[in-house]
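Only one structure is covered here, and it is reproduced in the block below.
The values are calculated or read from the model by the stated rules, or taken from the named source; none is laboratory data. Computed from a prediction, not measured in an experiment: that's the story for all the values here. What goes into the accessible areas is simple: the full protein's heavy atoms, side chains included, and nothing from ligands, DNA or RNA. Shrake-Rupley method; radii C 1.70, N 1.55, O 1.52, S 1.80 Å.
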Amino acid sequence: MSDISASEYISQQNALEDEARGLMPWNPSHCTYADGSLRQPIFACLDCGEIGVCYSCSIQCHADCHLEELFTKRGFTCDCGTERQESKKGEFWCHLRQNLDRDVPSLSNRYSQNFKGLFCDCHNKYKADIDSTMIQCVLGLECNEEWYHCCCILKKHDHARHCLQSAIQNNQVPSEFPAIDYFEGFICWKCVSRYFTVFQALMSHHRSSDVIAHKVAHLTTFEPLGSEDEAPSLSKKRKRDSNTEQLFSIMLKSGYDKVLLEIKEDLEKTDKLYVFLQDIAPFLINDDPVYEFPEDSDNDISTYELGTKALNTSLDRDTAVAGIQAMDDIKKKLSDFLRPFAEAGEVVKEEDIRNFFELQKGKPKNK
Ligand SMILES: [Zn+2]
Ligand SMILES: [Zn+2]
Ligand SMILES: [Zn+2]
Ligand SMILES: [Zn+2]
Ligand SMILES: [Zn+2]
């Protein structure tokens with residue numbers, strides 16, 4: 001790869017460009033608190049009261065905190081500098097809103113274990129080295145858009161450790177798991193059972209095979225947990241087993257939104273599937289757009305230029321991103337991180353970028 005010029009190399013690396021742009025495109029200058037409840041990328045701050053903060057606040061107000069990237073959540077209002085934030089860093093509660101008193105928090109934010117840095121039904125921390133494949137529930141009404149390990153989607157484990165061991169042994173995706181590329185959306189067994197009659201109606205619809213790619217059973221492998229008050233626990237266990245026999249998750253085919261719209265349009269307005277698609281989960285047909293932050297364009301350099309500079313000279317901090325120190329720092333680190341890929345002629349994969357961000361959070365040190 002040494003005989004290829006830096007600019008040639010960079011221009012060939014569309015994947016790199018797209019991935020980097022997908023993650024670093026925005027100018028972190030606007031806190032979304034005043035915009036209210038939005039579908040937006042959320043970061044949990046574990047140091048400030050396990051609150052969820054917007055993209056800009058994650059950089060401008062919580063750069064030194066232990067953050068957990070939660071990716072998008074629907075209907076979330078930034079809690080940086082609200083009464084949910086426990087301690088103040090510096091003069092203002094939120095450095096972007098510059099509020100001297102804490103603002104009123106939204107009533108609609110749903111806080112789940114994700115905000116404590118825990119994920120999946122096994123309630124584990126995200127481990128970038130093992131958990132490269134986790135799937136988010138697109139319905140999320142019961143699970144709050146939880147992320148799941150593939151092995152935990154198939155099985156309930158009585159000990160979290162089993163899950164991680166099997167994840168390693170099975171190279172992350174169990175062989176019996178449907179191929180990730182062959183479905184577009186995932187709805188977890190918790191959300192399916194919450195709206196069981198709706199999903200029954202969908203599955204018995206004559207077009208169900210145009211929407212549903214797979215129905216995957218969620219098995220329980222509970223073992224009796226000792227013998228305290230035997231009779232009640234035994235009957236409880238039996239009851240649980242019979243309830244959970246029919247637990248399953250659903251994988252949706254690509255283009256499911258269009259088919260669901262067609263199905264909805266043919267239904268009576270009193271049909272439970274119609275009501276579900278119209279009022280309860282309209283985003284399955286018309287997904288909420290993810291909030292777009294202002295593009296990082298003024299007085300700034302593009303990813304392309306950044307990559308070229310990274311290959312030629314060290315980044316010129318003065319001309320790079322004036323006034324946005326944290327962003328500049330991250331970009332510089334990103335360019336350093338990308339340099340070996342450029343030198344080795346490798347395409348940067350999504351996991352690599354994700355690992356980069358994990359490293360920025362200093363996570364490996366916490367393990
Ligand atoms: Zn914010
Ligand atoms: Zn914080
Ligand atoms: Zn803030
Ligand atoms: Zn799990
Ligand atoms: Zn769910």
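Of the beta bridges in the stretch 30-116, as assigned by DSSP with both residues counted there, near 90 percent are antiparallel.
Taking every protein chain into account, the 1.4 Å probe leaves residue 295 with about 130 Å² of accessible area, to the nearest ten. Annotation: residue 183 carries an accessible surface of approximately 20 Å², with a 1.4 Å probe and no ligand, DNA or RNA atoms counted. Taking every protein chain into account, the accessible area of the stretch 30-116 amounts to 41 square angstrom per residue (probe 1.4 Å).
Ranking 134, 251 by solvent-accessible area of protein heavy atoms (1.4 Å probe, all protein chains present), from largest to smallest, gives 134, 251.
Rolling a 1.4 Å probe over the protein heavy atoms leaves residue 141 with an accessible area of roughly 50 Å².
Ranking 211, 275, 104 from most to least accessible surface, computed with a 1.4 Å probe over the protein chains only, gives 104, 275, 211. Against the criterion of solvent-accessible heavy-atom surface with a 1.4 angstrom probe, 101, 210 sort, most first, into 101, 210.
Report the Stokes-Einstein translational diffusion coefficient (µm² s⁻¹, integer) for the stretch 30-116, Rh taken as the Kirkwood radius over Cα pairs, at 20 °C with viscosity 1.002 mPa s.
174 µm²/s
The translational diffusion coefficient of the stretch 54-162, from Stokes-Einstein at 20 °C and 1.002 mPa s with a Kirkwood hydrodynamic radius over alpha carbon pairs, comes to 137 µm²/s.
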